[in-house]
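Heads up: the structure comes next, in structure tokens.
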Amino acid sequence: MSKEIIVSGIRPTGNLHLGNYLGAVSNFVKMQYEHNCYFFIADYHSLTTHPNPADLHNNVKQVLVEYLACGLDPEACTLYIQSDLPQIPELYMMLNMHANLGELERVASFKEKARTQPNNINAGLLTYPVLMAADIIIHKATKVPVGKDQEQHLEMARTFGNRFNRVYQKEIFPEPYAFNYGQELVKIPGLQGGGKMSKSDGDGNVINLIDTPVIIRKKMSRAVTDTGPTEPNTQPSAAVQNLFDIMKLVSTADKLEHYKNLYANCAIRYGDFKKDLAEDMLNFLQPIREKIIDIQRNEMLLRKVAQIGKEKANESANKTIQECRQAIGFKSF
Ligand code: TRP
């Protein structure tokens, strides 16, 4: 198998949850040994919503700590903070000169933001896909492990890269495509009966990697179920199916089978089921949580990791930005 160049960014919005881990980060841990991976914390992207400086720093730190605790290895991959790369805003500026207002206004995520935050429709929000394209193509990435919601942004990254190549008659950027590690996309559902595990539906919907056993038990006891099966062998409701889906990921196959049988025979007691699931969840997360607590205190390690990432990412970004500067016609005297 040939090595791909893979780039993935995450906006620092606080703690990671079990959905982030099972859906993405656990795959990053495997990918880092097979491909040339760039994982970064997208703090430039955060600026669209004007975070206060202390929050911004804490959120960046938290993601860095949790990425390390999950097993990202700064020697194997390039793990860096976006704002350590001045080449990204430089490329963003270059790409902006060829991005049309009309195409940016048509982006679904922009239209959504314009609707939900009409008082803060800034130019950064409009050009968010340009910044994201710069993130990806600065390393000449060929693959980006993102879900459906980012597909349009990825298409724009291809558009902007191709356009740059065409305008300046140089084959600088390859086309990046979505990448799915492993066989299928695992969907990690939330606890409140809705779709996927996501913080936007409240803290009660997610199990954070740093949640203590007490919190996990409490959240699980409040997880949404239904009034229970009344006839044998029926389909569970969406909320109960969600809990089965989570159990499949953190419990043994035997245990899942056991509760599915109880359900099929109308003998399931949701209280016991949820308690049992809570215990498996907290056992599953315990080693990660212990590492988080350890790493959080280790300022020296964090400084070292950020420095290594910065150096490796700068090396790659410098190569590309030099090519771009040359293509454009910037020349030193
Ligand atoms: N837009 C992505 C999100 O909201 C985060 C992101 C920024 C990203 N730059 C990226 C993802 C580059 C992949 C590649 O989740």
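Observations, loosely collected:
- Separation of region 146-169 and region 70-92, taken as the distance between their Cα centroids, equals 20 angstrom.
- Histogram of C-alpha separations across the chain, 10 Å bin width, %: 5, 23, 29, 23, 13, 5, 1, 0, 0
- Distant-in-sequence amide H partners of A178 (H built 1.01 Å from N, under 5 Å): V144
- This model, with +1 at the C-beta of Lys and Arg and -1 at the C-beta of Asp and Glu, gives the chain a dipole about its Cα centre of some 420 debye.
- Taking the chain and dividing mean pair separation by its residue count, relative contact order in percent (alpha carbons under 8 Å, at least six apart): 22 percent
- Estimated [θ] at 222 nm from DSSP helical runs (n ≥ 4, -39500 (n - 2.57)) normalised by residues in the chain, nearest 500: -16500 deg cm²/dmol
- Solvent-accessible area of the chain (1.4 angstrom probe, protein heavy atoms only): carbon and sulfur portion equals 51 percent.
- DSSP bridge analysis restricted to the chain gives an antiparallel fraction near 15%, rounded to the nearest 5.
- With N the number of residues in region 1-57, Rg(Cα) / (2.2 N^0.38 Å) evaluates to 1.35.
- Any cysteine of the chain lacking a neighbouring Cys Cβ under 4.7 Å - listed by number: C70, C266, C324
- When only the Cβ of Lys, Arg, Asp and Glu is charged (+1, +1, -1, -1), the dipole of region 130-238 relative to its Cα centre reaches about 320 debye.
- Distance between region 1-43 and region 268-333 - C-alpha centres, whole angstrom: 7 Å
- Surface per residue (accessible, 1.4 Å probe) for region 199-293, Å²: 53 Å²
- Taking all protein chains together and a 1.4 Å probe, the residues F330, F160 rank F330, F160 from largest to smallest accessible area.
- Phi angles of region 83-92 translate, via the Karplus equation with coefficients 6.51, -1.76, 1.60 and θ = phi - 60°, into HN-Hα couplings of 6, 7, 10, x, 5, 5, x, 5, 5, 4 Hz per residue; Gly and Pro are given as x.
- Principal-axis analysis of the Cα atoms of the chain puts helix 151-168 at an angle of about 10° to the longest axis.
- Rounded to the nearest 10 square angstrom, D135 shows an accessible area of 0 square angstrom against a 1.4 Å probe.
- Short-range pairs are left out: with C-alpha atoms under 8 Å and at least six residues apart, the relative contact order of region 199-293 is 38 percent.
- When each of the peptides 223-236, 79-92 is scored by the mean number of other C-beta atoms lying within 10 Å of its residues, the order from highest to lowest reads 79-92, 223-236.
- Residue of P176, P129, P51 that the Gaussian network model of the chain assigns the largest fluctuation, springs spanning Cα pairs under 10 Å: P51
The values are calculated or read from the model by the stated rules, or taken from the named source; none is laboratory data. It should be emphasised that the depicted structure is a prediction, and the values quoted were computed from it without experimental measurement. So basically every Cβ, Gly included, is an ideal-geometry build from the backbone, and we count neighbours across all protein chains shown. Please note that ligands, DNA and RNA were not included when accessible areas were found on the heavy atoms of the full protein model with its side chains. Shrake-Rupley method; radii C 1.70, N 1.55, O 1.52, S 1.80 Å.
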